[in-house]
Each structure stands twice: as C-alpha cells, then as structure tokens.
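K.L.:
Quick one: this structure, given as structure tokens, is what I'll be asking you about.
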Amino acid sequence: MRWLYASHIPDQNLLFGYKAIAESRKKLITLWNVYSFFVTYANVDDFDPQSPLSLSPSATSLIAGSSAAFKSSSPTPTRPIATTTFTP
C-alpha cells in the first residue's frame with residue numbers, strides 16, 4: 001500500500017484496485033530481488049565498499065582501448081544536413 005501511495009503522481013487520479021496493487025507489488029518484488037542478489041553475492045565475495053576495486057588486466061586494457069577509441073572518434077551525421085529552405 002505504501003509503495004502505491006509513494007509512487008503516486010499528485011496531478012493524476014489515484015486508481016485504487018487489485019490491478020494497481022498487483023503492479024506495485026510486482027515493482028517492489030523486482031526491487032527486492034535486485035537487492036537480494038547483490039547482498040548475496042557481495043557476502044560470498046567479502047565485498048567491502050570502502051576498498052578500491054581492482055580490475056583484471058584484460059578488463060583494464062578493454063576500458064583503456066574503449067576510452068581511447070571513443071576520444072579519437074568524431075560523430076558524423078548519417079545523412080547530410082539540408083542547407084536549402086523549403087518554400088511552397
């Protein structure tokens with residue numbers, strides 16, 4: 001019930017019923033599953049959020065290569081921009 005009221009947009013009518021409750025429950029269960037997944041695997045790996053992350057050498061080289069390619073690229077339009085104006 002609280003999730004339903006918390007996600008309510010004040011400018012719109014609050015449609016109360018089984019469908020609205022089911023949608024709110026679905027969103028809440030999804031959020032809970034994401035949190036539970038993270039906590040489970042963080043505990044398995046002894047994750048400490050205060051320690052700096054250490055990446056594998058392959059991940060580090062992938063990030064460096066991707067960053068260099070992104071910085072050296074220049075976006076080009078897919079089609080030329082029209083320079084003439086339309087006059088009916």
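No value in this document is a laboratory result; all are computed from the given coordinates. Worth saying up front: this structure is predicted, and the values here are computed from it rather than measured. A quick note on method: Cβ atoms are made from the backbone with ideal geometry, for glycine too, and the neighbour counts reach across all protein chains shown.
K.L.:
Label points 7 Å out from Cα along the Cβ direction at residue 41 and residue 67: separation in nm?
P.N.:
Rounded to a tenth, the inter-label distance reads 2.4 nm.
K.L.:
When the expected Rg is taken as 2.2 N^0.38 Å, what fraction or multiple of it is the alpha-carbon Rg of the stretch 9-55?
P.N.:
1.87
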